[in-house]
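What follows is one structure encoded as structure tokens, with my remarks underneath.
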Amino acid sequence: MEGFLESAGLQRLSEQLSGKLSLSDALELLDEGRPKLMEKLKELGVTKPPDKQAFCKAVANGRREIFGTGKPIVVCTYSAGVTPKVGRDIMQPLLNACKQLGLTDQVVLDHHNEPPYDACKTHSEYIMRLRDTVIGQDPERGSRPWILLAHSHGSVAAYSLARLLGPKVRHVCILCRRAPTVELLHDVFGVATCEEIEAMPMREFAQTLGSVYANPTLLAMTRGEDVSKWSASAQETVKIAQSQYMAHAGLCSAVDIAKEIGERGSLSPDALIHAPILVVTTPQETEKGETAAKAAPWAELTSAKCSMEQVDAAHMEVPAHASTIQLVVDALKPYAPEQ
């Protein structure tokens, strides 16, 4: 809402409206008739008739910009604990399936520990940088709708992008990730803060991560007590993962989650997204992993439909599984351009 008010020259209404009225809600009220939207504005403290009229006019005129027009951009975010190349390789089968639908404009975004995002101190700053990466200096791309495709911890960034972009997001596909409102650090690692993750010995961190996510390769690579004798690949993998979970920009700790989106039962006013969500989980998750029960609260984070599905595959193999690809293709068919 802040960006919309600024672009419409209505910054003076920010205090009354930001975080209290979403653009989607404003459009829905306008569709019921201008008096409905005017009444809501009055309720929120916008009492001057010129201000109310100016806002209603801006929403009506900005409908195309708010919802986006043209062929959707597929924006993909991959799992934590892998290099950018490996992350892209894992997601490539899904991206190829999207291309076959005609969704050929695709961007894969990196985690906050990778340049140019590694200078970001907060989650919000990181998300703004991700948006800028996709849009760049191209006004046409800035007007297009988005489809978000995410695996594991990449789902947090996808959700935050959906919050930022509002009605421009057509669909969100989440693979193997608890809802962002479900705490992760204490559940997975037994600690409460990012600082404790940073202080955790590498071997303890690696063995915990490998056990929780049933990753025998990681467990085998990091079994030795002497970290210096691990392979270069093992050391790089663990350093990447630890840097992701120990940063506040990653939004993993209960404190950071509460600050950013609130808590279940008392969410921030702008925590809801307005796009349908497809959530795919696997029964192969361990008790501390990304189970269906922990993923269920995704339904609380959208005003649209949330579909829950299961694919019987290992956590890191779900994105390339034929059943996952079919579920995603079926969900995205309505947005495919005419061939």
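The values are calculated or read from the model by the stated rules, or taken from the named source; none is laboratory data. The model shown is predicted, which means the values in this text are computed figures rather than measured ones. Cβ sites come from the backbone with ideal geometry, for glycine too, and all protein chains shown count toward neighbours.
Among the residues of region 29-57, write down those that are among the acidic types (Asp, Glu) and more than 12 Å from Leu17 (Cβ to Cβ).
Those that are among the acidic types (Asp, Glu) and more than 12 Å from Leu17 (Cβ to Cβ): Asp31, Glu32, Glu39.
Restricting attention to helices (runs of 4 or more DSSP H) lying wholly within region 187-259, give those where 3 or more residues are closer than 21 Å to Gly87 by Cα.
Qualifying helices (runs of 4 or more DSSP H): 202-212, 216-221, 232-245.
Could you please let me know if Ser303 is among the polar types (S, T, N, Q), modelled with pLDDT of 95 or more and surrounded by fewer than 20 Cβ atoms within 10 Å (Cβ to Cβ)?
No.
Name the residue that is farthest from Pro167 (Cα to Cα), counting only residues in region 286-315 that are of a type in the set (A, V, I, L, M) and within 18 Å of the chain's Cα centre (by Cα).
Residue satisfying both the conditions and the ranking: Ala292.
Kindly list, by first and then second residue, each pair from a residue in region 161-174 that is modelled with pLDDT under 95 to a residue that is of a type in the set (Lys, Arg), limited to pairs with Cβ atoms under 7 Å and residues at least 6 apart or on different chains.
What qualifies is Leu164/Arg131.
What pairs come up if the first residue lies in region 240-257 and is over 17 Å from Gly154 (Cβ atoms), the second is assigned to a loop (DSSP other than H, G, I, E, B), and their beta carbons are under 6 Å apart, counting only those six or more places apart or on different chains?
Correct list of pairs: Ser253/Thr193; Ala254/Glu183.
Would you be able to say whether some residue in region 271-278 is at pLDDT 95 or above, surrounded by 15 or more Cβ atoms within 10 Å (Cβ to Cβ) and under 16 Å from Arg178 (Cα atoms)?
yes
Looking at region 198-226, I want the residues that are more than 19 Å from Lys288 (Cα to Cα) and have a partner that is outside any helix (DSSP H, G or I) with Cβ atoms under 7 Å, at least 6 apart or on another chain. Which pairs are those?
As it stands, the answer is Glu198/Met246; Met221/Trp230; Met221/Ser231; Thr222/Trp230; Gly224/Trp230, since those pairs meet every condition given.
Assess whether Glu285 counts as being at pLDDT 95 or above and within 17 Å of Arg178 (Cβ to Cβ).
Yes.
Closer than 30 Å to Ile325 by Cβ, among the polar types (S, T, N, Q), surrounded by fewer than 19 Cβ atoms within 10 Å (Cβ to Cβ) and touching a residue at least 40 places away in the same chain (Cβ under 8 Å), is that true of Ser268? I'd like the intermediate steps shown before the answer.
Working: closer than 30 Å to Ile325 by Cβ: no; among the polar types (S, T, N, Q): yes; surrounded by fewer than 19 Cβ atoms within 10 Å (Cβ to Cβ): yes; touching a residue at least 40 places away in the same chain (Cβ under 8 Å): yes.
No.
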